[in-house]
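Asker: One structure, pasted below without further comment.
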Amino acid sequence: MNIYDDIASTIAKTLTDCVAIDVVYKRGAQTIPLKASRAGTGWNVQQRETGGGSELSDRDYIIQSADLPFTPIDKDKIIDNGQTWKVLGIGSEKCWRYCDPNQRLIRIHTKRDS
């Protein structure tokens, strides 16, 4: 392990220990309790409906990749403080991506499920 790996590992652990909240990741009937950090998406998405526009709520979650035993897919759900967030890609981007070169952290894109 080199110094970069040590630093990346420390940052990932600190993020989980100091910032993360308890959430539940859900795929079908399977539920997995996780520690996740909330993050903004950096996207301003609007949905146009007949009779006007309504803004969609979106949020990213950052988790330790080792904590999720499978790859996120569209329409999985994250339950956060009683609110349901649907895992969805944004534009041409898939619903998740690694946050670091060592693939310790995953950023998952979500939208509030109505």
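All of the numbers you see were taken from the coordinates with simple rules; none came from a lab. Just so it is clear, the model here is predicted, and its values are computed rather than measured. Virtual Cβ from ideal backbone geometry, glycine too; neighbours counted across all protein chains shown.
Asker: Could you check which residue among Asp74, Asp58, Asp17 shows the biggest mean-square fluctuation in a GNM of the chain with a 10 Å Cα cutoff?
Answerer: Result: Asp17 has the largest fluctuation of those listed.
Asker: Once you charge only the Cβ atoms, +1 for Lys and Arg and -1 for Asp and Glu, what is the size of the charge dipole of the chain about its Cα centre, to the nearest 20 debye?
Answerer: I would put it at about 280 debye.
Asker: Apply the Karplus parameterisation 6.51 cos²θ - 1.76 cosθ + 1.60, with θ equal to phi minus 60°, to every residue of region 91-106 and state each ³J(HN,Hα) to the nearest whole Hz, in sequence, with x for glycine and proline.
Answerer: Karplus-based 3J(HN,Hα) across region 91-106 equals x, 8, 7, 5, 6, 8, 7, 6, 9, 9, x, 8, 6, 7, 10, 10 Hz.
Asker: Give the Debye-formula value of log10 I(q)/I(0) at each listed q (0.12 Å⁻¹), with one equal scatterer per alpha carbon of the chain, two decimals each.
Answerer: -0.45
Asker: Counting Lys and Arg as +1 and Asp and Glu as -1, what is the net charge of the other residues whose Cβ lies under 12 Å from the Cβ of Ile7?
Answerer: Cβ neighbours under 12 Å give a net charge of -1.
Asker: Just to confirm the number: angle between the C-alpha axis of helix 3-14 and the first principal axis of the chain, 0 to 90 degrees, nearest 10?
Answerer: 50 degrees
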